[in-house]
Amino acid sequence: MPARGGGTTSPRILLRRLREVMAGAGSAQQRLDTIVRIIAANMVAEVCSVYLLRAGEVLELFATEGLKPGAVHVTRMQVGEGLVGTIAASAQPLNLPDAQSHPAFAYRPETGEEIYQSLLGVPVLRGGKVIGVLVVQNRTRRRYTEEEVESLETVAMVLAELVIGSNLVDPREIARVDGNATLPLRIEGRALSEGLALGSAVLHEPRFEVKKAIAEDIGEEKRRLEAAVLALRASIDRLLAEPDPAIAGESRDVLEAYKMFAHDTGWFAKMHLAVESGLTAEAAVQKVQIETRHRMQQITDPYLRERLVDLEDLANRLYLQLLGKSAHVDRESMPPDAILFARALGPADLLDYHRAGLQGLVLEEGSPTAHVAIVARALQIPVIGRCEGAIAAVEPGDYVVVNGDDGVVYIRPGEDVLRAVRQNVQLRAERQAKYAQLRRQPAVTRCGERIALHINAGLTIDLPQLDETGADGIGLFRTELQFMVRPTLPRVGVQTDYYSRVLDVAGERPVIFRTLDIGGDKALPYLGSNDEENPAMGWRAIRIGLDRPSLLRAQLRALLLAAGGRRLMVMFPMIAEVAEYQKARELLELERQRLTGQGKAVPREVRIGTMLEVPSLAWQFPALLPLVDFISVGSNDLSQYFFAADRGNPLTADRYDLLSPALLSFLRWVARQCEDAGVPISVCGEMAGRPLEAMALIGLGFRNLSMAASAIGPVKEMVLSLDVPALVAYLNRLLVAPDHSLRGRLLNFAKDHGVVI
Ligand code: PEP
Ligand code: MG
């Protein structure tokens with residue numbers, strides 16, 4: 001037996017022979033037996049064996065040339081067990097000159113393999129999943145060449161076609177491979193947008209399957225590949241030429257990377273070579289993709305890894321191009337209860353899916369400040385991010401539950417989970433119907449106090465909520481959101497149109513525009529990031545606005561123009577001292593004078609206020625209050641600075657309760673100071689939207705609350721059932737208590753007094 005192997009027959013001839021066998025007579029088993037013989041001869045190996053995956057994660061020896069024939073259908077091992085099991089578990093090839101010294105080697109006496117020293121095994125893949133393992137072995141100690149590894153991988157692709165095309169393994173077993181694809185699964189991620197959704201899984205990027213690996217006409221395959229590559233390049237160039245690729249769901253960086261790879265002749269040449277060796281264009285794309293994956297596993301540099309992920313995405317697009325399908329799921333044919341699974345998603349794509357009826361979203365990446373999360377919250381689509389492994393674990397059409405409140409996704413949930421979820425859905429629906437009925441009813445307490453309820457907004461899609469919730473106005477318009485969903489700084493004209501539209505929709509209802517609150521965790525791609533040690537206390541919001549006055553002035557100009565002839569309300573974020581507020585106000589005044597000088601229409605009334613987010617500002621109230629038209633408490637930031645506890649850090653975010661006597665008594669003092677000075681005050685942080693917290697705020701003297709649109713119903717219900725004097729008397733006694741939190745006592749008050757929380 002020759003000790004060296006490899007390349008005695010050209011890959012093209014080998015593939016042709018395999019095709020003849022596969023198309024020839026005989027049972028699938030007989031053809032498989034012939035195939036292992038041909039491969040062994042071609043690779044000059046003494047052994048060639050095929051193991052196929054069966055239900056229960058078991059790999060079974062299905063055919064062999066060289067091992068004892070009696071071992072066929074007898075030798076079985078678990079995924080992860082022995083060398084073959086290791087290859088299946090990792091979906092990676094193993095190339096071992098001395099297989100028996102490998103720690104995973106498991107001796108199986110019935111095979112008689114102890115005389116073979118070297119081993120090369122590759123996974124047999126179908127649609128990215130392992131369905132078997134193909135192995136060659138030699139007596140002598142040797143490392144197989146790179147070409148031999150590639151050649152065996154190509155053969156494994158052909159083999160996958162035979163396994164799927166014949167009934168070697170029951171197709172139901174194949175559908176079940178890759179772990180427990182039929183078992184319920186619970187994956188914890190990060191809750192990015194609250195709510196509950198049930199429905200059928202849809203993959204944003206459909207998995208592709210190579211149906212035919214061996215080319216019938218190599219010339220034709222070459223032409224198909226070339227045409228697909230050209231079309232792919234053109235489609236990427238087209239996307240890059242769009243003025244606003246972020247709106248198409250792509251970041252310019254990713255597109256530039258796509259472009260680089262799509263024009264990379266090396267990438268194309270590899271696929272070309274694979275077609276030359278006798279593969280179809282689809283199989284060639286897959287082969288190069290598998291190689292890319294191998295390289296990816298070895299790379300530790302996160303930036304390069306990311307680029308290789310891009311390359312994998314590009315291969316998917318190319319494959320779909322070959323099939324003449326669109327790169328993403330066809331929105332028209334989406335099931336009405338679709339739950340989308342994606343690695344990442346752009347905000348515009350989400351809007352598109354929303355129009356097609358999307359119910360929920362599961363992302364493998366994503367963060368709460370990702371644009372997609374902000375938009376999803378506005379659309380009330382539950383989203384779970386950082387759900388590692390979710391895409392591989394789900395099959396299209398699987399029943400899925402997304403619990404955006406807890407950050408958990410249930411794939412193929414069991415009856416117990418479903419029962420609890422259905423109950424929850426029913427309760428939610430009943431509650432929503434009740435809130436809709438309250439829409440026209442003013443928020444007046446049992447004792448006759450009118451509480452103003454406003455919504456927080458930031459995107460055009462928020463605007464219909466004004467009518468839908470019956471809110472009194474927009475208490476916080478986060479202007480930065482519009483800046484964040486764009487790849488470049490919006491020009492004054494674009495900003496003006498946008499703010500004007502907001503005012504048109506609001507009509508007589510007040511809108512408080514907050515100037516750009518960026519920095520910290522809200523990054524703008526075009527402003528560059530400076531890695532700050534402590535971003536929450538860093539260069540953000542008004543600090544950026546005052547240091548880069550042209551940015552702030554442009555925005556103020558747009559606001560003044562948009563409100564020409566109307567009333568404009570503007571507030572500044574993160575003001576820490578009166579001098580900052582005065583500087584910001586001066587910029588507004590400068591812009592107003594400039595526009596008047598140009599004969600432009602300016603607002604008939606301008607009201608200027610500040611957020612109270614930094615405690616130091618409260619210590620300057622005597623100087624501040626005469627200068628402001630209103631104040632809004634940003635309790636999200638105020639509490640993190642008040643307690644010195646990062647709101648984004650899970651170890652500290654919940655450490656101190658907003659309902660602590662310390663914060664509540666501080667807020668009562670703030671409310672009283674403002675009342676005495678005749679300055680309207682509101683609360684626009686998240687606490688205003690939680691019924692119990694909102695109740696406490698009313699007890700402290702606040703009569704104006706601004707919250708997420710979805711909170712208006714629950715808070716209004718609480719207001720309608722509240723008796724303020726009883727609460728004030730109770731709360732005043734408690735504020736001197738040394739307790740960590742008054743939450744329990746306030747809950748008891750609500751229960752005893754029939755307040756709906
Ligand atoms: C706040 O800090 O409470 C607030 C409303 O601002 P944001 O959450 O946008 O920082
Ligand atoms: Mg804030």
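Structure notes:
- Residue check for residue 701: crowded, with 17+ Cβ neighbours inside 10 Å and on the phi > 0 side of the Ramachandran plot: yes
- Of all residue pairs spaced 6 or more apart or on separate chains, those with beta-carbon atoms under 6 Å, a first member in the stretch 613-628 that is closer than 25 Å to residue 686 by Cα and a second member that is of a type in the set (Ser, Thr, Tyr) and within 16 Å of ligand 1 (Cβ to nearest atom) are 614/641; 615/641; 628/610.
- Members of the stretch 18-48 found to be farther than 19 Å from residue 72 by Cα and crowded, with 19+ Cβ neighbours inside 10 Å, listed by number: 18, 21, 22, 42, 43
- Inclusion of residue 686 among residues that are within 13 Å of ligand 1 (Cβ to nearest atom), surrounded by fewer than 21 Cβ atoms within 10 Å (Cβ to Cβ) and in contact (Cβ under 8 Å) with a residue 24 or more places away in the chain is warranted.
- Criterion violated by residue 606 - all others in (1) within 16 Å of ligand 2 (Cβ to nearest atom); (2) in contact with a strand residue (DSSP E or B) (Cβ under 7 Å, 6 or more places away or on another chain) satisfied: (1)
- Selection count, the stretch 652-669, where residues are within 16 Å of ligand 2 (Cβ to nearest atom) and in a helix (DSSP H, G or I): 2
- Qualifying residue in the stretch 112-127 (condition: of a type in the set (Phe, Trp, Tyr), free of Cβ contacts under 8 Å to residues at least 60 places away in the same chain and outside any strand (DSSP E or B)): no
- Scanning the stretch 541-571 for residues that are modelled with pLDDT of 95 or more, outside any helix (DSSP H, G or I) and among the basic types (Lys, Arg) returns 566, 567.
- Output for the stretch 675-705, where each listed residue is more than 22 Å from residue 464 (Cβ to Cβ), assigned to a loop (DSSP other than H, G, I, E, B) and touching a Gly at 6+ places or on another chain (Cβ under 9 Å): 679, 680, 685
- Considered as a group, the residues in the stretch 475-503 that are within 16 Å of ligand 2 (Cβ to nearest atom) and at pLDDT 90 or above include one that is farthest from residue 684 (Cα to Cα), and that residue is 479.
- Taken together, the residues in the stretch 597-610 that are among the β-branched types (Val, Ile, Thr) and not in a strand (DSSP E or B) amount to 1.
- Flag if residue 410 is under 26 Å from residue 469 (Cβ atoms) and surrounded by 14 or more Cβ atoms within 10 Å (Cβ to Cβ): no
- Any hit, the stretch 636-658, residues being within 18 Å of residue 715 (Cβ to Cβ), buried (at least 18 other Cβ atoms within 10 Å of the Cβ) and either among the polar types (S, T, N, Q) or away from ligand 1 (no atom under 15 Å from the Cβ) (or both): no
- Of the strands (runs of 3 or more DSSP E) lying entirely inside the stretch 346-463, those carrying at least 1 residues that are out of contact with any strand residue (DSSP E or B) (no Cβ under 6 Å at 6 or more places or on another chain) and more than 29 Å from residue 509 (Cα to Cα) are 399-403.
- Test: residue 580 is more than 16 Å from ligand 2 (Cβ to nearest atom), over 30 Å from residue 747 (Cβ atoms) and not assigned by TED's automatic domain parsing to the domain that holds residue 743: no
- Of the residues making up the stretch 437-453, those that are without any contact (Cβ under 8 Å) to a residue 40 or more places away in the chain and surrounded by 12 or more Cβ atoms within 10 Å (Cβ to Cβ) are 439, 442.
- Close contacts from the stretch 200-213, counting a first residue that is farther than 13 Å from residue 411 by Cα and a second that is among the hydroxyl-bearing types (Ser, Thr, Tyr), with Cβ to Cβ under 9 Å and a gap of 6+ residues or different chains, come to 204/353; 208/319; 210/280; 210/319; 211/280; 212/280; 213/154; 213/280.
- Selection from the stretch 611-650 of residues that are part of a helix (DSSP H, G or I) and more than 16 Å from ligand 2 (Cβ to nearest atom): 621, 622, 623, 624, 625, 626, 627
- Residue count, the stretch 596-610 (criterion: touching a helix residue (DSSP H, G or I) at 6+ places or on another chain (Cβ under 8 Å) and crowded, with 16+ Cβ neighbours inside 10 Å): 5
- Selection from the stretch 619-632 of residues that are buried (at least 18 other Cβ atoms within 10 Å of the Cβ) and either within 20 Å of residue 706 (Cα to Cα) or modelled with pLDDT under 95 (or both): 628, 630, 631, 632
- Given (1) at pLDDT 95 or above; (2) within 16 Å of ligand 1 (Cβ to nearest atom), number of the condition residue 675 does not satisfy: (2)
- Here residue 305 does not qualify as at pLDDT 80 or above, in a helix (DSSP H, G or I) and over 22 Å from residue 122 (Cβ atoms).
The values are calculated or read from the model by the stated rules, or taken from the named source; none is laboratory data. Every value quoted in this text rests on a predicted model; they were computed, and no experiment measured them. Backbone-built Cβ (ideal geometry, glycine too); neighbour counts: all protein chains shown.
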